[in-house]
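Worksheet: one structure, shown below.
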4 protein chains.
Amino acid sequence: MHIGLIGLGKMGGNMRTRLRAAGIEVTGYDRNPEVTDVTTVDELIAALPTPRIVWAMVPAGEITDAVVTELGEKLSAGDLVIDGGNSRFTEDERHAAQLAERGVRFVDVGVSGGIWGLENGYGLMVGGERADVEELMPVFDALRPEGPREEGFVHAGPTGAGHYVKMVHNGIEYGLMQAYAEGFELLERKELVHDVAGSFKAWQRGTVVRSWLLDLMVRALDEDDDLSEIEGYVDDSGEGRWTVEEAIANAVPMPAIAASLFARFESRQDDSPAMKAVAALRNQFGGHSVKKA
Amino acid sequence: MHIGLIGLGKMGGNMRTRLRAAGIEVTGYDRNPEVTDVTTVDELIAALPTPRIVWAMVPAGEITDAVVTELGEKLSAGDLVIDGGNSRFTEDERHAAQLAERGVRFVDVGVSGGIWGLENGYGLMVGGERADVEELMPVFDALRPEGPREEGFVHAGPTGAGHYVKMVHNGIEYGLMQAYAEGFELLERKELVHDVAGSFKAWQRGTVVRSWLLDLMVRALDEDDDLSEIEGYVDDSGEGRWTVEEAIANAVPMPAIAASLFARFESRQDDSPAMKAVAALRNQFGGHSVKKA
Amino acid sequence: MHIGLIGLGKMGGNMRTRLRAAGIEVTGYDRNPEVTDVTTVDELIAALPTPRIVWAMVPAGEITDAVVTELGEKLSAGDLVIDGGNSRFTEDERHAAQLAERGVRFVDVGVSGGIWGLENGYGLMVGGERADVEELMPVFDALRPEGPREEGFVHAGPTGAGHYVKMVHNGIEYGLMQAYAEGFELLERKELVHDVAGSFKAWQRGTVVRSWLLDLMVRALDEDDDLSEIEGYVDDSGEGRWTVEEAIANAVPMPAIAASLFARFESRQDDSPAMKAVAALRNQFGGHSVKKA
Amino acid sequence: MHIGLIGLGKMGGNMRTRLRAAGIEVTGYDRNPEVTDVTTVDELIAALPTPRIVWAMVPAGEITDAVVTELGEKLSAGDLVIDGGNSRFTEDERHAAQLAERGVRFVDVGVSGGIWGLENGYGLMVGGERADVEELMPVFDALRPEGPREEGFVHAGPTGAGHYVKMVHNGIEYGLMQAYAEGFELLERKELVHDVAGSFKAWQRGTVVRSWLLDLMVRALDEDDDLSEIEGYVDDSGEGRWTVEEAIANAVPMPAIAASLFARFESRQDDSPAMKAVAALRNQFGGHSVKKA
């Protein structure tokens, strides 16, 4: 099997390596000349057998839009485009329709595993037509972790379902991290507990809270046992926001994941306009002193 | 009627003024010689007709404990002590029992109104025996706002009920302030809205959100229309914590008031240990960069 | 002054009455023949002096879209359409552009006050061009409450700003109601407190939590002192959702208002799929018993 | 080594088995004659070599109090009591002091692993004197999971630290379960996703959210793929409450774990008094209809 892969960054580059190690032929394209296999998308397309399979692994939004548009213009009827990036599921319907006008097929794949995927394999959540997914199974099998297929791969539904499940996966991830983080802060604050890092380490076997994220927390604490070297500043890349938006759109209560999202927003504020307002109100009714900015 | 009043600070001092204006004779004691009427508690006690009525208006906790203990030792059977401070309701049972050993009666009163109480009157929430409360009605009528008695006064139940209702009042207050504050922050952030202070001002009449706190928000914005002069740093004096603790003890869901409390905790943190942990985790699994402290 | 008013329901009907009482001539149209002044929109338009002013007071979404579209087709350059319904602010830009193609002007107005507006006046939050707003001031002055104009009216910014401020107003309203509601539940649960309805009543004067919503809570408790006659089922009409969506879009932490929204979602569920999952997990790891559905 | 073990329920019974399998001699006592080794605590004490080691594995609260009291009366100076139950950490100080009066030593141990501990070993979090902990290492090594000791065991600090770390562990557990549960509900609600159980199963390898709890969720969905057979009713056994109480006492923001706790409270309510209040308020200001109870 021989596929094209557009985008050879942190994720795409490792995926190329893993695919090749599994015997899948990969022609990769990236704007970075140091990592690319070909110098243009045209060249990539020319290198592929028909029907062509091209996996896009580029940032969601404008860049994915541009890649899908370019592929729509340059591929032929019967070819197949995979969006493995972190696109919002609502984009998939649009991309699929855009490609369908040219007879080009579309499959969306949510890919989890981060920088560890090269070694451990990637969890794959797929949306699209059954026949298309079948055709891609050798690629998915190469990327997914060792073990039973269904423990690292799911065909979750039609177009968009792959990114939807990945989106919810990331929303859950926000909640899991926040739970460990709140526990960490309480343990750090409490003088009674002398060995916070050791406590996290001791949770790795036998306990109810053991997980891969816990293992990573232990790794982080091994490097910096009170996290004094880093700031409590946390970005968000969109999927947590989309998850809460979907909760709202579907009237699903989502208090813990929403709290995790808001905690990230707060982490990036130098000062809180809301808490200025509360401070001002307390001053007004009770004469409580305020801190001058 | 003639009562003793211990504690002549921001609250007690104004209450003395309001009581006297209503024809209640007040002998006040405070450690501050500039405001006190007598130089010792003994002198205060000596000045009062029997059965004596002494209103304690001092900070909750150790100071209230000390005043109750002293009064228990110095008063006589049939006298009556009122705790009008912000004591936790669980203290009331203890204080009542302590005084009862000497035959001294006890009434707890939650007092709301802050620095505006002198002018507007104080909202009063009372716990204790019916007969004792009856006896104190001239005092309560002098302190409460103009208008129907039941709109500024309630005998809510037995010992502790006054402080309990006041505690919940303050928990609600946390939630109300947080709601206005979150709305303020969103309006401030949104460029589309050119007149945030004017919007709050325009809510004062006719709208669903009109309230005394809104009026105070308007006052604050009149003085500093984007609150740029103050910091988003908010203390908490205990009653919000107790309210959430009581919610937990009684299995009452209290998400909005708890969120308001946690927002205050966050407002006082220079950096968040929890968000350090989340940043560290994201770095571990995804290679996402962290900010160095 | 003479304006057209489309939509004579709970809000529009009362607004017509209030406008006429203030000397504004109003021609009203509604599909309900019992309340309408004219039988068609064409007739309404024919009745108005030019430049015509037509206030739409109909449900947000498809119906407002249809009314704006019809008015765009039937009005003339220089005429002016007001959307006083609960449209999402993002609709305003679209409606304004649609009307501008025909030279028709557009102003958006958030109207607060509910069924009490007839008597108390309506809080008005306006978005649009300064000149258009000036022209409409007699209408706004007739609708708004007595008292200083700026306490019941704001021109908050350009197109969309009126509905934006109204949206945030409603988000705050969610938070305020939730705060009172959480306090109510705790007081109801606590046996120590004998007079919950009386406690709310006693907060009406002098306290920090006094507000119009509190007055309404007292009214509700006067009718049914433990609310035993009604179910804890709460709809939401969109503005709370939009407020939280805007918070997410603008990275504004909004924990209390979001909690209020989620509480409404929960109130409408017969059973919680999420809590089924938690029950299942506890059963799996700890053998804790589950309730059979 | 030979120890006494009081309490042979779901946890204690399995622990006896695991200890014996590892060559630790165990004399067990339980009120249930079918599982007990001896008929009285006196008999148990008589069977042990001195200094005696007695592990209490009974429900927290009154029963643990009773067992500690009885052991304090019946053991001798130099003996050692272990509380391996789910006691609140504040109890430990009290129990240690009570036993110290008789020269009896005390160690607190948080034990995680549930019904799987027999097979997988138990995660152990220990508080107490270093020398006492050293002496107990053969017991701890027998109970903890295979693998490096520090991945299933921690001596976290002095008396109380073991139960404190276990309490926080359980608080985190609440948050983790809630995160999966909220994601489950959203996936269940969304028609786009055809295979919710398959999606959870596919997260078991390679993804960021993989964990033991996820594995258990997969087990639960294998048995009942939409959880239709069980009710969304979730008890709480105290440790989640204590964790949030400690957060409040230490001014630690804990929004996600608190949300998880409140969700459990809600799950047990037939109707919500708070949402009755919100429904009543909406009816009052907007004439919105309410559902009759």
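With respect to C:Val278, is the statement that it is at the interface with another protein chain (Cβ under 7 Å from one of its Cβ atoms) and in contact (Cβ under 8 Å) with a residue 60 or more places away in the chain true?
no
Does region C:216-233 include one or more residues that are closer than 30 Å to A:Ala263 by Cα and modelled with pLDDT of 95 or more?
Checked against the condition, which is being closer than 30 Å to A:Ala263 by Cα and modelled with pLDDT of 95 or more, region C:216-233 yields at least one hit.
Take the residues in region B:191-202 that are facing another protein chain (nearest Cβ under 7 Å) and touching a residue at least 12 places away in the same chain (Cβ under 8 Å); name whichever of them is surrounded by the most Cβ atoms within 10 Å (Cβ to Cβ).
B:Ser199
Consider C:Gly72 carefully, then state whether it is more than 21 Å from B:Phe200 (Cα to Cα), more than 14 Å from every other protein chain (Cβ to nearest Cβ), of a type outside the set (D, E, K, R) and surrounded by fewer than 16 Cβ atoms within 10 Å (Cβ to Cβ).
For C:Gly72, the condition - more than 21 Å from B:Phe200 (Cα to Cα), more than 14 Å from every other protein chain (Cβ to nearest Cβ), of a type outside the set (D, E, K, R) and surrounded by fewer than 16 Cβ atoms within 10 Å (Cβ to Cβ) - is not met.
Being crowded, with 24+ Cβ neighbours inside 10 Å and among the charged types (D, E, K, R) is the filter; apply it to region B:141-187 and report the residue that is farthest from the other protein chains (Cβ to nearest Cβ).
B:Lys166
Which of the following residues is modelled with pLDDT of 95 or more, under 19 Å from A:Glu185 (Cβ atoms), assigned by the TED database to the domain that holds B:Leu176 and not polar (S, T, N, Q): B:Ala263, B:Ala251?
Result: B:Ala263 is the single residue among B:Ala263, B:Ala251 that is modelled with pLDDT of 95 or more, under 19 Å from A:Glu185 (Cβ atoms), assigned by the TED database to the domain that holds B:Leu176 and not polar (S, T, N, Q).
All but one of (1) crowded, with 24+ Cβ neighbours inside 10 Å; (2) aromatic (Phe, Trp, Tyr); (3) facing another protein chain (nearest Cβ under 7 Å) hold for B:Trp212; state the number of the condition that does not hold.
Exception for B:Trp212: condition (1).
In the list C:Val58, C:Val104, C:Val111, which residue meets the criterion of being buried (at least 21 other Cβ atoms within 10 Å of the Cβ), in contact with an Asp or Glu (Cβ under 7 Å, 6 or more places away or on another chain) and either β-branched (Val, Ile, Thr) or at positive phi (or both)?
C:Val104
Tally time: how many residues in region C:248-264 are of a type outside the set (Val, Ile, Thr) and without any contact (Cβ under 8 Å) to a residue 24 or more places away in the chain?
Count: 7.
For region D:220-230, which residues satisfy the criterion of being surrounded by 13 or more Cβ atoms within 10 Å (Cβ to Cβ), charged (D, E, K, R) and in contact with a helix residue (DSSP H, G or I) (Cβ under 7 Å, 6 or more places away or on another chain)?
Listed by number, the list holds a single entry, D:Asp225.
When C:Gly206 is evaluated against the numbered criteria (1) farther than 30 Å from C:Gly85 by Cα; (2) surrounded by fewer than 24 Cβ atoms within 10 Å (Cβ to Cβ), which criterion, by number, is the only one it fails?
C:Gly206 satisfies all of (1) farther than 30 Å from C:Gly85 by Cα; (2) surrounded by fewer than 24 Cβ atoms within 10 Å (Cβ to Cβ) except (2).
Could you list, ordered by first residue, the pairs with Cβ atoms under 6 Å in which the first is in region D:131-149 and free of Cβ contacts under 8 Å to residues at least 12 places away in the same chain and the second is of a type in the set (Lys, Arg) and surrounded by 15 or more Cβ atoms within 10 Å (Cβ to Cβ), at least 6 apart or interchain?
Matching pairs, first to second residue: D:Gly147/A:Arg205.
Scan region D:42-60 for residues that are in contact (Cβ under 8 Å) with a residue 60 or more places away in the chain and within 20 Å of D:Arg144 (Cβ to Cβ) and report the count.
2
Quick one: A:Leu124 ticks every box in (1) in contact with a helix residue (DSSP H, G or I) (Cβ under 8 Å, 6 or more places away or on another chain); (2) surrounded by fewer than 18 Cβ atoms within 10 Å (Cβ to Cβ) bar one, so which box is it?
Failing condition for A:Leu124: (2).
For B:Ala258, state whether it is more than 30 Å from D:Gly238 (Cα to Cα), buried (at least 24 other Cβ atoms within 10 Å of the Cβ), within 11 Å of chain C (Cβ to nearest Cβ) and of a type outside the set (Val, Ile, Thr).
It is false that B:Ala258 is more than 30 Å from D:Gly238 (Cα to Cα), buried (at least 24 other Cβ atoms within 10 Å of the Cβ), within 11 Å of chain C (Cβ to nearest Cβ) and of a type outside the set (Val, Ile, Thr).
When region B:265-275 is examined, which residues are found to be more than 7 Å from every other protein chain (Cβ to nearest Cβ) and either buried (at least 17 other Cβ atoms within 10 Å of the Cβ) or within 9 Å of D:Pro253 (Cβ to Cβ) (or both)?
Listed by number, the list holds a single entry, B:Gln269.
Could you count how many residues in region C:216-266 are in a loop (DSSP other than H, G, I, E, B), out of contact with any Leu (no Cβ under 6 Å at 6 or more places or on another chain) and of a type outside the set (Asp, Glu)?
Matching residues across region C:216-266 total 11.
Give A:Leu48, A:Leu44 a once-over and let me know the one that is in the same structural domain as A:Leu136 (by the TED database) and surrounded by fewer than 20 Cβ atoms within 10 Å (Cβ to Cβ).
The match here is A:Leu48.
Could you count how many residues in region C:200-209 are assigned to a helix (DSSP H, G or I) and over 14 Å from C:Ala220 (Cβ atoms)?
Residues flagged as assigned to a helix (DSSP H, G or I) and over 14 Å from C:Ala220 (Cβ atoms) within region C:200-209 amount to 1.
For region D:7-54, which residues satisfy the criterion of being closer than 15 Å to D:Tyr122 by Cα and either among the aromatic types (Phe, Trp, Tyr) or not in a helix (DSSP H, G or I) (or both)?
D:Ala22
From the residues in region D:75-94 that are in contact with a strand residue (DSSP E or B) (Cβ under 6 Å, 6 or more places away or on another chain) and crowded, with 24+ Cβ neighbours inside 10 Å, which one is farthest from D:Trp212 (Cα to Cα)?
Only one residue tops the list, namely D:Val81.
Among the residues of region B:170-186, are any hydrophobic (A, V, I, L, M, F, W, C), farther than 27 Å from C:Ala259 by Cα and touching a residue at least 40 places away in the same chain (Cβ under 8 Å)?
No, there is no match, as no residue in region B:170-186 is hydrophobic (A, V, I, L, M, F, W, C), farther than 27 Å from C:Ala259 by Cα and touching a residue at least 40 places away in the same chain (Cβ under 8 Å).
Counting only residues that are touching a residue at least 24 places away in the same chain (Cβ under 8 Å) and surrounded by fewer than 21 Cβ atoms within 10 Å (Cβ to Cβ), which one in region A:28-41 is farthest from A:Leu118 (Cα to Cα)?
Per the stated criteria, the residue is A:Val41.
Within region C:226-251, which residues are away from chain D (no Cβ under 11 Å), charged (D, E, K, R) and either under 17 Å from C:Leu176 (Cβ atoms) or out of contact with any Lys or Arg (no Cβ under 8 Å at 6 or more places or on another chain) (or both)?
C:Glu239, C:Arg241, C:Glu245
How about region D:69-164: which helices (runs of 4 or more DSSP H) wholly inside it have at least 1 residues that are in contact with a His (Cβ under 9 Å, 6 or more places away or on another chain) and more than 24 Å from D:Pro59 (Cβ to Cβ)?
So the answer is D:130-135.
Of the residues that sit in region C:54-84 and are of a type in the set (D, E, K, R) and within 22 Å of the chain's Cα centre (by Cα), which one is nearest to C:Glu135 (Cα to Cα)?
Only one residue fits best here, namely C:Asp83.
Tell me yes or no: at least one residue of region A:270-292 is of a type in the set (Val, Ile, Thr), in contact with a Lys or Arg (Cβ under 6 Å, 6 or more places away or on another chain) and in a loop (DSSP other than H, G, I, E, B).
The answer is no, given that none of the residues of region A:270-292 is of a type in the set (Val, Ile, Thr), in contact with a Lys or Arg (Cβ under 6 Å, 6 or more places away or on another chain) and in a loop (DSSP other than H, G, I, E, B).
The values are calculated or read from the model by the stated rules, or taken from the named source; none is laboratory data. The structure presented is a predicted model; accordingly, all values stated were derived computationally and were not measured. In this analysis, Cβ positions are derived from the backbone assuming ideal geometry, glycine residues included, and neighbour counts consider all displayed protein chains.
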